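The structure under discussion appears below in the form of structure tokens.
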Amino acid sequence: MRTYSVKLAEEVYERDQWCIICGRGHNLTIAHVKNKGMGGTKRKDTADNLVCLCLECHDKMDNGIFNREYRQRCEDYLKEKYDQS
């Protein structure tokens, strides 16, 4: 179930433009990097917790054997985009 606004989704699509894991530019979805069950409650629906992933990478991050690796790659990507230190 989508919990973010259309405006926020557009912002994330504009920022990423393709799957940040594999580089595909089709079948894109918006993924929460830290979902509610992983401590993402406070910043769940913010651009610094959302990324574009293709359907396949999104499924692998949520359910696959690469979920930790994919989630870490997403966290590193967002850190690079938003950490100004």
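The values are calculated or read from the model by the stated rules, or taken from the named source; none is laboratory data. Small disclaimer: the values here were computed from a predicted structure and weren't measured. All Cβ positions, glycine included, derive from the backbone under ideal geometry; neighbour counts span all protein chains shown. Each accessible area value is taken on the protein alone, full model and side chains, heavy atoms only, with ligands, DNA and RNA left out. Shrake-Rupley method; radii C 1.70, N 1.55, O 1.52, S 1.80 Å.
Surface analysis of the chain yields an accessible area of 66 Å² per residue, using protein heavy atoms and a 1.4 Å probe. Mind checking the full-extension length gain between K81 and L55? Use 0.36 nm per residue of separation minus the Cα-Cα distance, one decimal, nm. Value of the extension gain: 7.1 nm. Bridging of K7 to aspartates and glutamates at a Cα separation below 16 Å is possible for D16, D45, D48, once same-chain residues fewer than 8 apart are set aside. About its Cα centre, the dipole of the chain is roughly 300 debye, where the only charges are +1 on Lys and Arg Cβ and -1 on Asp and Glu Cβ.
For C22, the accessible surface of its heavy atoms amounts to roughly 60 Å² (probe 1.4 Å, protein chains only, rounded to the nearest 10).
When the inverse distances between all different Cα atoms of the chain are averaged and flipped, the Kirkwood radius reads 12.8 angstrom.
Run the accessible area of the chain with a 1.4 Å probe and give the carbon-and-sulfur part as a rounded percent.
Numbers: 2670 of 5640 Å².
The value for the chain is 47 percent carbon and sulfur by accessible area.
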